[in-house]
């Protein structure tokens with residue numbers, strides 16, 4: 001299957017959901033209508049109980065009244081009054097009371113033929129792999145509700161670590177969000193009451209009920225936004241640190257509204273209530289999954305949010321703990337999913353603006369690495385974000401990542417994925433230590449400005465991503481082609497996943513790797529291709545893995561002794577026990593890491609650094625990073641937010657200076673935090689999670 005990079009996360013997010021409306025059924029019997037209404041009413045009540053429990057638990061935990069170890073986003077952890085078992089039993093009892101014999105069979109066939117992902121195995125215990133009886137129906141409905149209410153709690157009310165109880169202001173903000181979410185869910189519950197009247201002619205979700213619910217939810221969402229404005233302002237939530245302590249999906253008032261209300265609260269309030277009415281299906285007992293789409297937004301480690309995003313490249317540790325671009329948004333299209341909405345075919349939506357003509361970067365095109373009419377027949381390049389500024393050991397570089405083909409791989413369970421892509425990383429000599437790439441003066445994403453540096457210096461641009469360390473960037477502001485030191489680019493194979501990605505130092509040689517073992521080398525037939533085994537080179541018809549690099553031989557790490565590389569409490573960070581590097585204190589990244597190495601204060605002056613006025617004094621000492629024998633990182637699956645990881649080998653450029661500063665050839669590891677905005681197949685309607693019952 002074909003996949004493109006923007007999508008690998010959004011694919012899995014949408015792939016977990018169901019999207020086509022059920023065809024109109026025959027006129028139901030009176031008993032069937034009564035049964036269906038009873039199911040809907042019982043489940044809506046159950047969902048309200050779950051959210052009430054979560055809100056109450058968070059209130060008690062944040063005030064320090066219960067142990068901070070209690071997981072208030074777990075329906076079992078939040079069950080402080082121990083009423084969950086009885087609430088589940090009440091759903092089963094309501095079904096048994098009102099759904100007898102043929103009525104239950106009628107309703108199951110029309111609206112609940114089988115349990116959807118991620119609870120698709122809940123109904124496997126009976127005669128079929130579908131829903132066979134009231135026991136399986138009740139279990140499916142309640143467990144599906146459990147999953148999505150937990151997701152709502154995690155996103156909107158957060159998961160504060162609570163080393164100390166939250167302040168009264170933080171508690172007020174969190175409590176207001178919880179009450180507002182309850183109002184959202186209640187607004188959506190009107191759909192069930194409306195449907196009860198509609199059941200006399202059709203058991204499936206009525207369009208008029210859906211429309212009315214959408215209107216009610218819109219009003220409730222507006223009210224919740226106002227509540228967040230009033231209760232989560234700077235008095236109660238004075239800075240990003242206060243939001244970080246709360247642990248919600250937003251780290252400012254505006255982010256919280258966009259995420260907790262727009263991206264999660266409103267869609268889930270609709271979807272949870274719609275799931276009480278129907279599981280969209282083809283009318284013949286199979287669930288259905290229409291094509292969907294998603295925006296996929298990259299969050300830097302230090303941007304408008306603080307996340308676990310980080311990039312580590314090279315064996316010497318000087319280009320570790322590097323940040324990436326913040327806020328870049330790509331798009332993905334999905335098709336040909338199976339009826340569990342897994343194994344979706346994913347492709348790039350080239351209308352995202354990331355595909356540009358080689359002969360004119362201001363012109364958008366739609367062909368991946370090929371000739372395009374919009375370019376007058378010249379090559380169209382689709383890119384993984386605008387130019388990325390990097391600077392290590394006082395050596396600035398600007399990197400443009402181009403796709404050379406579509407993704408290969410598949411989606412799995414909710415928010416999980418394992419897909420690969422191949423890119424070419426074009427490496428350019430940077431402009432300066434504090435401005436490696438041309439920048440765009442547009443203050444925020446989507447705003448216009450002018451390019452500073454590069455071939456389009458002084459010309460107009462639109463900011464496509466922000467960079468807290470080196471200035472905002474744009475596809476309209478490319479680096480100068482004459483500064484390219486990588487030819488057609490370093491071949492980088494990325495296998496992104498929400499599981500664990502690793503690479504082990506298994507290359508052994510007496511002529512390189514310092515006589516020991518190292519993670520990566522280059523192919524004998526092409527030094528731009530990094531490799532960890534001969535099979536990597538054979539696949540590219542590029543000889544064997546292993547070359548003498550004439551003084552720049554790779555090693556496992558750059559500690560005084562290989563065994564000095566020790567793990568830390570962060571599994572993606574290791575440091576040399578006895579090695580520290582000195583940096584100029586006037587030139588640091590947003591994460592506090594130094595940019596320019598030094599030995600004396602004189603190394604930090606303007607003449608030696610190119611920084612106007614100098615780069616401070618040589619007073620910043622930081623422990624050197626290193627790679628353990630096995631480089632590893634683990635991702636996190638999720639439907640609204642996810643972390644994807646990959647490990648890889650990088651080849652070398654034609655610049656010995658850049659190779660030495662970046663530890664090339666060498667291993668790399670990347671960990672990216674993504675947000676998703678989900679849409680129905682048309683791309684115009686927001687996907688109401690779960691199940692997409694609102695989709696056209």
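Remarks
- Cα-based helix-to-principal-axis angle, 102-111 vs the chain, degrees rounded to 10: 30
- The length gained by stretching the chain between residue 164 and residue 567 to full extension, at 0.36 nm per residue less their Cα-Cα distance, is 142.3 nm.
- The reciprocal of the average 1/r between distinct C-alpha atoms defines the Kirkwood hydrodynamic radius, which for segment 21-288 equals 19.1 Å.
- For peptides 462-471, 486-495, 214-223, 644-653, sequence by mean Cβ density within 10 Å, most packed first: 644-653, 462-471, 486-495, 214-223
- At full extension, residue 135 and residue 212 could sit 24.6 nm farther apart than now, given 0.36 nm per residue minus the alpha carbon distance.
- Calculated FRET value between residue 29 and residue 591, using beta carbons and R₀ = 51 Å, to 0.05: 0.20
- Sorting 422, 36, 381 by the number of Cβ atoms found within 10 Å of their own Cβ, with the fewest placed first, yields 422, 381, 36.
- Mean ellipticity per residue at 222 nm, deg cm²/dmol - from DSSP H runs of n ≥ 4 across the chain, formula -39500 (n - 2.57): -8500 deg cm²/dmol
- Here, the chain is characterised by an Rg to Rh ratio of 1.01, where Rg is the alpha-carbon radius of gyration and Rh the Kirkwood radius.
- Normalised by 2.2 N^0.38 Å, where N is the number of residues, the alpha-carbon radius of gyration of segment 175-227 equals 1.28.
- Of all DSSP beta bridges in the chain, antiparallel share, percent nearest 5: 100
- Full extension of the chain between residue 254 and residue 335 yields a length gain of 25.9 nm, computed as 0.36 nm times the residue separation minus the alpha carbon distance.
- Segment 540-696 pair-distance distribution - Cα-Cα, 5 Å bins, rounded %: 2, 7, 11, 12, 15, 14, 11, 9, 6, 6, 5, 3, 1, 0
- Relative contact order (%) - segment 21-288, alpha-carbon pairs under 8 angstrom, separation at least six: 30
- Efficiency of FRET from Cβ geometry, residue 632 and residue 511, R₀ 35 Å, rounded to 0.05: 0.80
- Over segment 325-452, the reciprocal of the mean inverse Cα-Cα separation, the Kirkwood hydrodynamic radius, stands at 16.6 Å.
- Whole-number Å³ per residue for the convex hull built on Cα positions in segment 217-347: 159
- The alpha carbon gyration tensor of segment 422-468 gives principal lengths a ≥ b ≥ c with a/c of 1.5 or higher and a/b greater than b/c, which makes the shape prolate.
- In percent, rounded to a whole number, the relative contact order of segment 246-376 is 16, using alpha-carbon pairs under 8 Å and six or more apart.
- Ranked list, fewest to most other Cβ atoms within 10 Å of each Cβ, for 461, 513: 513, 461
- Measure of compaction for segment 405-536 (Cα Rg per 2.2 N^0.38 Å): 1.37
- Considering only alpha-carbon pairs that sit under 8 angstrom and 6 or more positions apart, the relative contact order computed for segment 121-243 is 27 percent.
Only the coordinates and a few stated rules stand behind these numbers; no lab work does. Because the structure is predicted, anything quoted here is derived from the model rather than measured. Heads up, the Cβs are rebuilt from the backbone with ideal geometry, glycines too, and the neighbour counts pull from every protein chain shown.
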